1. Take the stretch 212-315, compute every pairwise Cα distance, and split them into 10 Å bins from 0; I just need the percent in each bin.
2. Please compute the alpha carbon radius of gyration of the stretch 121-226, then divide it by the globular-protein estimate 2.2 N^0.38 Å. Two decimals is fine.
3. In whole Å, what are the Cα extents of the stretch 62-129 along the three principal axes, biggest one first?
4. Once amide H atoms are built 1.01 Å from N in the peptide plane, which residues 5 or more positions from ILE358, or in another chain, come under 5 Å H to H?
5. Would you mind counting up the charge near SER330? Only other residues with Cβ under 15 Å from its Cβ, with Lys and Arg at +1 and Asp and Glu at -1.
6. Looking at the stretch 72-140, which chymotrypsin sites (Phe, Trp or Tyr not before Pro) are DSSP coil and have at most 14 other C-beta atoms within 10 Å of their C-beta?
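The numbers here are math on the coordinates, done by the rules we state, and not lab data. Note that this is a predicted model, so its numbers are computed, not measured. Note that each Cβ is placed from the backbone with ideal geometry, even for glycine, and that neighbours are counted across all protein chains shown.
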Amino acid sequence: MKNTKLLASFFLALFSFTFFSSCSKDDVAEMLKKKDNETITTPITTFSVNGVTGTFDGNNIAIVLPFGTNITSLAPAISLLGGLSISPAPSVTQDFSNGPVAYTVTFADGSTKIFNVSATAAAAVSSEKLITAFSINGTAGTINVTAGTIAVTVPFGTDYTNIRPTVAVSAFATVSPASNANTNFANPVDYIVTAENGTTKTYTVTVTVAQAQASSAKLITSFSITYNNGAANVAGIITGTNATSSTIAIALPAGTSKTALVPTIAISANSTVNPSSGSTVNFTNPVPFTVEAQDGSRKTYTVTVTVTPPPPVDINLITSFVVSGQIGSSVITNSTDGSGNDDVGTIAVTIPTGATKIIDPIPYPTPSSGAIYTDTTSPTTSHLGDFRNPRTYTVQQRTGSSRPVRSYTVTVTIAIGT
C-alpha cells in the first residue's frame, strides 16, 4: 500500500512538471488570473525569512519569527513561478514593525496580484518559577528562594494534616500541589513550580504548630492543713490581691504542734509551688510559699499558723468547804468571764434546825493546788467559827509574778424546822 502511494505521488509530480513546462508564459498568466475560488495555484511558491517559512491564507502571508528577532530590517527569500516578477525585490530589506508589507506579483501580460505579508516576533517564553507568596489561613510563610524552603508557623491547635494553603507563583508558571489543594503537612511537603519554558524549581514547605501561650496564672486557690494524724483539716484564709504577694492565716486548735504540719495546696493550672503540697513544713515561724507560673513569673504567699491558747485554768479556787453536821454539800459558785482572773465567788452552807452559827469545830476551806487562803472577814471577829454574818475568804497563789485574788463570801443558813 505504501509503495502504491509513492508511485502515485511520483506520476502526479511528473505530470505537473510536463504540463507547466509545456505551457507558455501567457498560459501560466491566464491560469493565475482566474477568480480566487478557481485559482489552480499561487504565483509565490515559497516566502521565508531567516529560514522560517510563511503561512499562506489567500492573499495573506504570515511569518512568526523567534522571540527577539528585529523585524525592522528583514530581507525575505521568495520563490515564484516561471516568467513572473515581484516587487519589492527579495533583496530589498523591509520594516515589518508597522504592519503588513504589500508584495506585488506581475504577470507576463502586465496584470498584477498583491500579497500582504506580516512578520512578527514570537512573545517571550518565561523562565520565571518562583513561589511569590505562601499562606495558611492568613498566616504567611517565610520564603527562602535560594534554599528553596518555606516555613510556616500556624496557631496552637491547628490540624496540620488537613490544610489548604494559598500559593501564588510567577506569571505563566504552575505549581503542584495546586493552591488550595488539601494537603497533609505531618511531614515537609515539596511544592514544584514549572515555568512557561518547562523548567522547574522545588520548594520544601515545613509547617510547625505553635506551642500554647505560656500562662501567667500563679494563684494559691486553697490552702489547708491536716493535723491530729490526719484526722482533722483546717482551711486557711487567703487575703491580698497584690500581683506578687499575699498572705494566708490559719488557726489550729490548742495543743497542736506547729513543727511538722502537712499542707494541702491547690494552685493555678500549669503552675508549681514551693514548698509543695503534701510536704512536711515547720510553721513555728511564718513560711513563704512561692508559686511559679508557666511563663516564669512568681507570687509569694506568706503563711502564718497560730495555735489557739488553752482554756484558762482557775488557780485561785476554794474547792471545798465542809461544816460539821451540815445538810448536804456546800454550794460553791465561781464567777467566770473566761479570763481566769475572776475575783469573786460564793459558798452557801445549810445546817440543821436548832444548830448554831457559831460553829465548832471551825471549818476551813480547801484551796486549789498551790494556793493559800486568808480569812479577810471585816470586822475581824475573835472567833473564826462565827458565821452569824457572812465571812470572807481570799484565795491567791503562793508564788508567781501574776497572783490573781478571788474573794469568796461564805453564808451559813439554818434550816427551817418542819
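1. With 10 Å bins starting at 0, P(r) equals 15, 45, 26, 10, 3, 1, 0.
2. In units of the globular-protein estimate, the stretch 121-226 measures up at 1.59.
3. Result for the stretch 62-129: principal-axis Cα extents of 60, 20, 18 Å.
4. Here PHE387 satisfy the definition.
5. +2
6. In loop regions of the stretch 72-140 (DSSP not H, G, I, E or B), there are no sparsely surrounded chymotrypsin sites (Phe, Trp or Tyr not before Pro).
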